[in-house]
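The values are calculated or read from the model by the stated rules, or taken from the named source; none is laboratory data. Computed from a prediction, not measured in an experiment: that's the story for all the values here. Quick reminder, even Gly has a Cβ in these numbers, built from the backbone with ideal geometry, and neighbours come from all protein chains shown.
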């Protein structure tokens with residue numbers, strides 16, 4: 001009925017004006033349809049993202065995935081640490097890659113660069129990258145966050161034992177902590193950063209990690225963890241009282257009501273040790289537009305703030321870090337101002353030969369711990 005009424009009213013309009021009206025309706029229709037069409041520019045695309053499991057993937061799912069879905073894309077996850085995901089890429093050579101986008105840790109950069117599995121990023125398609133420091137923008141990868149490590153400890157238990165808060169890793173060798181200290185396995189990023197930190201405390205460096213390996217052995221470690229979820233459970237049950245850990249997990253523990261605190265031992269005049277989490281696009285994956293869109297959303301200030309709040313990682317976006325500074329818990333643990341962040345030791349873990357480190361770890365620490 002509405003169509004008939006329109007037709008009848010149009011017959012009463014002179015032909016010249018009728019053409020103008022028709023043109024105006026067409027322009028209006030295109031103007032309304034244009035943005036809607038643009039919002040669905042990834043219709044039918046399935047983007048596969050290789051990342052860690054647990055809460056990290058869940059936070060990507062709730063924070064970044066909806067922006068891609070609004071444009072018509074579907075997002076799937078390939079769960080594993082970067083070393084495992086690199087092995088999947090190598091095994092699939094000559095075939096379609098098993099994922100499109102990959103998150104990787106600082107200590108995986110060297111292996112992944114040498115494998116040649118990442119394609120060059122087109123920063124003209126990553127508008128939000130303009131809001132982050134140039135040092136985070138490399139030809140084939142871009143940093144999305146920083147994790148900061150130090151010594152996590154049960155403040156309540158330390159007080160009960162009459163122990164002062166630990167200032168150095170050597171403090172964890174106190175006999176009262178025997179069997180209650182944990183250290184990360186060298187296969188994960190916390191382990192590599194922990195070895196670097198304790199190496200510096202004992203006269204070593206990234207180029208000489210053996211003093212760190214020897215010092216870990218002297219701690220009389222009760223357990224070596226290969227997943228932070230496992231260590232979280234051990235802290236909660238009281239099986240562990242102190243460990244080298246990522247501060248984001250201490251924030252999560254505090255949110256869960258656990259009495260954890262954090263110390264950042266000195267390294268070359270700075271405190272704590274930081275490294276970046278990086279994003280890259282897999283060569284030959286084929287979902288270039290969706291992959292760049294995913295990275296762009298990840299670097300947006302709102303997503304950066306949300307991921308920082310949920311994971312306890314330090315955003316690479318200073319605008320997001322400034323927003324987090326208004327949260328008392330975040331401000332207590334994270335170096336959110338640019339000046340505070342500059343006082344954290346940045347270790348370029350890509351300089352470390354991970355294969356050689358794992359061999360030394362197994363020889364110096366694991367076998368001797370048995």
*asked:* Just the residues that are surrounded by 15 or more Cβ atoms within 10 Å (Cβ to Cβ) and either in contact with a strand residue (DSSP E or B) (Cβ under 6 Å, 6 or more places away or on another chain) or on the phi > 0 side of the Ramachandran plot (or both), please, taken from region 225-243.
replied: 225, 231, 240, 241, 242, 243
_Here are the criteria: (1) more than 25 Å from the chain's Cα centre (by Cα); (2) touching a residue at least 40 places away in the same chain (Cβ under 8 Å). Tell me which single one residue 176 does not satisfy._
(2)
*Could you count how many residues in region 207-221 are in contact (Cβ under 8 Å) with a residue 40 or more places away in the chain, within 28 Å of the chain's Cα centre (by Cα) and surrounded by 18 or more Cβ atoms within 10 Å (Cβ to Cβ)?*
4
*Hey, any hits in region 181-199 for a residue that's within 27 Å of the chain's Cα centre (by Cα), more than 18 Å from residue 358 (Cβ to Cβ), surrounded by fewer than 17 Cβ atoms within 10 Å (Cβ to Cβ) and touching a residue at least 60 places away in the same chain (Cβ under 8 Å)?*
no
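Condition check ((1) over 20 Å from the mean Cα position of the chain (by Cα); (2) surrounded by fewer than 21 Cβ atoms within 10 Å (Cβ to Cβ)) across all residues:
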site: 263; (1), (2): yes, yes
site: 268; (1), (2): yes, yes
site: 281; (1), (2): no, no
site: 286; (1), (2): yes, yes
site: 338; (1), (2): no, yes
site: 347; (1), (2): no, no
*Test residue 269 against the stated conditions and say whether it is in contact with a strand residue (DSSP E or B) (Cβ under 9 Å, 6 or more places away or on another chain) and in the same structural domain as residue 213 (by TED's automatic domain parsing).*
yes
*Could you tell me which of the residues 111, 133, 122 is under 27 Å from residue 230 (Cα atoms) and outside the structural domain of residue 361 (by TED's automatic domain parsing)?*
111
*Can you pull out the residues in region 193-220 that are at pLDDT below 95 and farther than 21 Å from residue 108 by Cα?*
217, 218, 219, 220
*If you check 232, 183, which single one turns out to be modelled with pLDDT of 95 or more, in the same structural domain as residue 260 (by TED's automatic domain parsing) and assigned to a strand (DSSP E or B)?*
183
*For region 160-170, indicate whether the set of residues that are out of contact with any strand residue (DSSP E or B) (no Cβ under 9 Å at 6 or more places or on another chain), modelled with pLDDT of 95 or more and within 20 Å of residue 225 (Cα to Cα) is non-empty.*
yes
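A quick yes/no check of all residues on (1) over 17 Å from residue 103 (Cα atoms); (2) modelled with pLDDT of 95 or more; (3) surrounded by fewer than 22 Cβ atoms within 10 Å (Cβ to Cβ); (4) more than 15 Å from the chain's Cα centre (by Cα):
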| site | (1), (2), (3), (4) |
| --- | --- |
| 290 | no, yes, no, yes |
| 300 | no, yes, yes, no |
| 316 | no, yes, no, no |
| 343 | yes, yes, yes, yes |
| 355 | yes, no, yes, yes |
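Conditions (1) part of a loop (DSSP other than H, G, I, E, B); (2) surrounded by fewer than 19 Cβ atoms within 10 Å (Cβ to Cβ); (3) free of Cβ contacts under 8 Å to residues at least 60 places away in the same chain, marked per residue:
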{"site": "245", "(1), (2), (3)": "no, no, no"}
{"site": "254", "(1), (2), (3)": "no, yes, no"}
{"site": "296", "(1), (2), (3)": "no, no, no"}
{"site": "307", "(1), (2), (3)": "no, no, no"}
{"site": "320", "(1), (2), (3)": "no, no, yes"}
*Mind checking whether some residue in region 258-269 is over 30 Å from residue 168 (Cα atoms) and in contact (Cβ under 8 Å) with a residue 24 or more places away in the chain?*
no
_Looking only at residues that are touching a residue at least 24 places away in the same chain (Cβ under 8 Å) and assigned to a helix (DSSP H, G or I) in region 322-354, which one is farthest from residue 206 (Cα to Cα)?_
329
